[in-house]
Amino acid sequence: MAKENFGSKIGAILAAAGSAVGLGNIWRFPTETGEHGGAAFLLIYVAFMLLLGVPIMVSEFVIGRHSQRSVSDSFYMMSGGKRAWRLMGLIPVVAGFLVLSYYAVVAGWTLYYAFTSGINGFAGKTPEQFVDDFNSFISDPVQPIIWMVAILIINGLIVALGVQRGIERGAKIMMPMLFVFIVILVGCSLSLPGAADGFSFMFKPDFSKVDHGIVLSAMGQAFFSLSVGLCCLCTYACYFRKDANLMKDALSVGCIDTMVAIFSGLIIFPAVFSIQGLTPGQGPSLVFVTLPNVFQHVFGGMPLVAYLFSLVFYLLLVMAALTSSISMLEMAVAYFHENHGMNRRTASGISTVVCIVLGAACSLSFGLWSDVKLFDMGFFDLFDFIVCKLIMPIGGLLICIFLGWVVDEQVLKDELTNYGRLRTPYYPVYRFIIRYFAPICIALIFANELFRLA
Ligand code: PHE
């Protein structure tokens, strides 16, 4: 059952952080925070990160490292041979296709922005032009699909050739670089006139803005950002070293991930409040129309700096998106390879083609197919809804029930203490969360939503 193509000695933090840090932090987080009124959303999101996201990440690590098998075999084996748990193996495949299909659309936009930066296409434009350009780009029936296909092909090749390890190594250098760029941009953004309004938008909670959907959205964002609930990290944890401290590593990834999200909010919101014509709640376009403005405003007097800075920044963003999308495709490829004996290249090729078709539908929902709606949502929003607000919380709930109630507690203790070699002072808290707090909390949030819809 060895997954020969995926790095065997890769550091736990590096692999998981590569999957976690991506467009979820830099694009989806500001979008959701903006749509849900700012600080109050941020507060709930951070609480969910700590109380649900990190414990579920620890749980996925435990399952993967303990069983060293594919997801369905892990659950089957660890449950002591209960067949129903095998079905958990379906979550990563179904979710892998859905999430990659719409994620690749946004990753494609990022690649296009890197290209436009490269040909200096942003120079001298006004804020209104950035908005118009973006809207006409994403509603075009052909262009964004081409960029999306490019991303999916690069992604498919990386997974098919089994060079993830190389990519993760590259990420080791590029992730910190991205982080430095982000910190510089926070400084720039906060120095813009009117930035203080953006700062209070993010940190001064206005609880009158808390609407019904905010809690489910914050939970979905926390899960999405950490890549938890889909058993994606179980697959990664198979390759973790026996001496990795699972709890500490999950906590570190959680902190890094939250920090990147908050910093990216600190770039976007001060700029949004400083630049005329932008609003925090404008949806998926928010980051894409704000960033070029920040580059132009801040480095306005130094065109070469503006050019280089935006080019490198978008390239790093593409890289961050790729390390996440690799983990999405890996979920489906691992399934076909391990459960159906399909060769990894074929599995990767077929999965990429499926994602291209589904992704094209998501992309078209911004233009040609904007009227095609299911449950009042276009394909892009629908896929996002199914993944973040249904599959991830349900997956997280099942993972908690599994480790909290089904698996022998000794397994948990052994994995978390590395067979008695580590001290784990937080173990009782973790155990309480997965047995009681997380299942009840997730169930209540769902019950509340159903009640609201009824
Ligand atoms: N966590 C990734 C991000 O923030 C997205 C992701 C979701 C990756 C689910 C894998 C699985 O961009």
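The values are calculated or read from the model by the stated rules, or taken from the named source; none is laboratory data. Everything numeric here is computed off the predicted structure, so don't read it as measured data. All Cβ positions, glycine included, derive from the backbone under ideal geometry; neighbour counts span all protein chains shown. Just the protein is used for accessible areas: all its heavy atoms, side chains included, with ligands, DNA and RNA removed. Shrake-Rupley method; radii C 1.70, N 1.55, O 1.52, S 1.80 Å.
Yes or no, residue by residue, for (1) aliphatic (A, V, I, L, M); (2) out of contact with any strand residue (DSSP E or B) (no Cβ under 8 Å at 6 or more places or on another chain); (3) closer than 24 Å to L382 by Cβ:
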{"site": "I91", "(1), (2), (3)": "yes, yes, yes"}
{"site": "D132", "(1), (2), (3)": "no, yes, no"}
{"site": "G156", "(1), (2), (3)": "no, yes, yes"}
{"site": "A160", "(1), (2), (3)": "yes, yes, no"}
{"site": "E168", "(1), (2), (3)": "no, yes, no"}
{"site": "K172", "(1), (2), (3)": "no, yes, no"}
{"site": "M175", "(1), (2), (3)": "yes, yes, no"}
{"site": "L185", "(1), (2), (3)": "yes, yes, no"}
{"site": "C188", "(1), (2), (3)": "no, yes, no"}
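Comparison of F97, F61, F75, F41 shows that the only residue that is open to solvent by less than 10 Å² (accessible area, probe 1.4 Å), of a type in the set (F, W, Y) and within 15 Å of the ligand (Cβ to nearest atom) is F61. Of all residues in the range 245-292 being closer than 20 Å to A195 by Cα and within 15 Å of the ligand (Cβ to nearest atom), which is surrounded by the fewest Cβ atoms within 10 Å (Cβ to Cβ)? Once the filter is applied, the top-ranked residue is M259. Taken over the range 400-426, the residue count meeting the criterion of being touching a residue at least 40 places away in the same chain (Cβ under 8 Å) and aromatic (F, W, Y) is 2. Within the range 101-123, if we keep just the residues that are free of Cβ contacts under 8 Å to residues at least 60 places away in the same chain and in a loop (DSSP other than H, G, I, E, B), the residue that is surrounded by the most Cβ atoms within 10 Å (Cβ to Cβ) turns out to be G121. None of D211, D243, D249 is charged (D, E, K, R), part of a helix (DSSP H, G or I) and modelled with pLDDT under 95 except D249.
Mind listing whichever residues of the range 142-159 are part of a helix (DSSP H, G or I) and open to solvent by 20 Å² or more (accessible area, probe 1.4 Å)? Result: Q143, I145, I146, W147, V149, A150, I153, I154, L157. If only residues of the range 360-399 that are aromatic (F, W, Y), in contact (Cβ under 8 Å) with a residue 12 or more places away in the chain and within 16 Å of the ligand (Cβ to nearest atom) are counted, the one that is farthest from M57 (Cα to Cα) is F380.
Scanning the range 207-244 for residues that are open to solvent by 10 Å² or more (accessible area, probe 1.4 Å) and within 13 Å of the chain's Cα centre (by Cα), which turns out farthest from the ligand (Cβ to nearest atom)? Checking each candidate, the answer is F224.
Somewhere in the range 340-361, is a residue under 20 Å from the mean Cα position of the chain (by Cα) and more than 16 Å from Y102 (Cα to Cα)? Checked the range 340-361: no residue is under 20 Å from the mean Cα position of the chain (by Cα) and more than 16 Å from Y102 (Cα to Cα). The single condition among (1) open to solvent by less than 20 Å² (accessible area, probe 1.4 Å); (2) more than 16 Å from the ligand (Cβ to nearest atom) that Y307 does not meet is (1).
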